[in-house]
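Notes follow the structure.
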Amino acid sequence: MTDRLADARRAPATARPRIGFLGVGWIGYHRMRAMAEANTVDIAAVADPSAAMIAQATEFAPGAKAMSSLDELLDEALDGVVIATPTALHAEQAIQALRRGKAVFCQKPLGRTASEVRAVIEAARSANRLLAVDLSYRFTEAMRQIGNLVRGGDLGHIYAVELTFHNAYGPDKPWFYDPKLSGGGCVIDLGVHLVDLALWILDFPAVTRTSSRLFAQGEPLSACAGRAEDYAFATLDLETGASVHLGCSWRFPAGQDAVISAAFYGTRGGAALRNVNGSFYDFVAELYRGTAREILTVPPDAWFGRAAVEWASRLAAGNSFDPSAERFADVAEVLDRIYGR
């Protein structure tokens, strides 16, 4: 990944793509800031219903045109669009942009279901445009270190993966709690990162069996029609023989703001990403050999906007449709299976 970013940043100045932002709330604002600081693209237009949000975001791109809708944005001569809107809109907006010839970087999840995700991927393939999703935890230095160990064989055969993401607060917007709008609860919001990390680190083996239990305020989700789950755990059996266990939650009595971990155990050792002091942003990576522990990386690590910057850099380098985008559907299919749909 590092070499590819370096190559992209060496692209000639004339290759700078023109980018538009759809939605500049908290996520969109920080993605815009990361791209502006990387200075690989021209931020040409910003669309958001809030004039205050636009004013705040365009501090990083004072020449960007202010707009209020996707239609206005797509009428601009843009090379790519960053989508950071509510989940229910992602697939439809991404498809519109791709069909108008724009590359897309979309906030996760790409769609509420695997069928929505596959439709976006097909639109990207048909348009031959670069598609990426903000699966940002891949880009932490901790996960880079763990990926190197796993893929280099240092841990031997990986047979167990344990993943956790507890958010003691939960989302602050009502639409998150309506499964018709969000696609689900904590699984599609937080579990998407866990499933992606497990499959990505292990080079996307097939999932042969899935079991799960989902709860809403302490009751099985099956007894809570129309509600989003706030606690879930699942087990995935992989074709490699490995077993993946994941748990995620909103408003869980975690004793701190967040509990985030991704641990991989093999026949020659283990390695784990863990958050520090309840932080959503600070992580350590640790290597385990029997009872011995080695620290691989510690904060600070400015990882938060790396996924967006990589997409922008690849776009500047002239990249078009990348078949690895099909892996987004693999993750979405596992989420569908966790939900029993």
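The values are calculated or read from the model by the stated rules, or taken from the named source; none is laboratory data. Values in this document were obtained by computation on a predicted structure and should not be read as measured data. Here the Cβ positions follow ideal geometry from the backbone for every residue, glycine too, while neighbour counts run over all protein chains shown. Just so you know, the surface numbers come from the protein's heavy atoms only, side chains and all, with ligands and any DNA or RNA stripped out. Shrake-Rupley method; radii C 1.70, N 1.55, O 1.52, S 1.80 Å.
So the values come out like this:
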quantity	calculated
Filter pass, Asp189 being open to solvent by 10 Å² or more (accessible area, probe 1.4 Å), at pLDDT below 95 and of a type in the set (Asp, Glu)	no
Filter result (open to solvent by 30 Å² or more (accessible area, probe 1.4 Å) and either part of a helix (DSSP H, G or I) or touching a strand residue (DSSP E or B) at 6+ places or on another chain (Cβ under 9 Å) (or both)) within region 329-341	Asp330, Glu333, Arg337, Tyr339, Gly340
Residue that is farther than 30 Å from Arg18 by Cβ, modelled with pLDDT of 95 or more and not in a strand (DSSP E or B), where the choices are Gly278, Gly270	Gly278
Cross-chain or 6+ apart pairs with Cβ under 8 Å, region 114-143 first and over 28 Å from Gly340 (Cβ atoms), then part of a helix (DSSP H, G or I) and acidic (Asp, Glu)	Ala132/Glu310; Phe139/Glu310
Of all residues in region 247-285 being touching a Lys or Arg at 6+ places or on another chain (Cβ under 7 Å) and surrounded by fewer than 20 Cβ atoms within 10 Å (Cβ to Cβ), the one that is nearest to Tyr169 (Cα to Cα)	Ser261
Residue match in region 232-246 (condition: open to solvent by 10 Å² or more (accessible area, probe 1.4 Å), of a type in the set (A, V, I, L, M), assigned by the TED database to the domain that holds Asn148 and not in a strand (DSSP E or B))	no
Residue in region 123-139 that is among the β-branched types (Val, Ile, Thr) and open to solvent by less than 10 Å² (accessible area, probe 1.4 Å) present	no
Every pair of residues 6+ apart whose Cβ atoms lie under 6 Å, when the first sits in region 179-195 and is more than 16 Å from Leu89 (Cα to Cα) while the second is of a type in the set (Ser, Thr, Tyr) and open to solvent by 10 Å² or more (accessible area, probe 1.4 Å)	His193/Tyr137
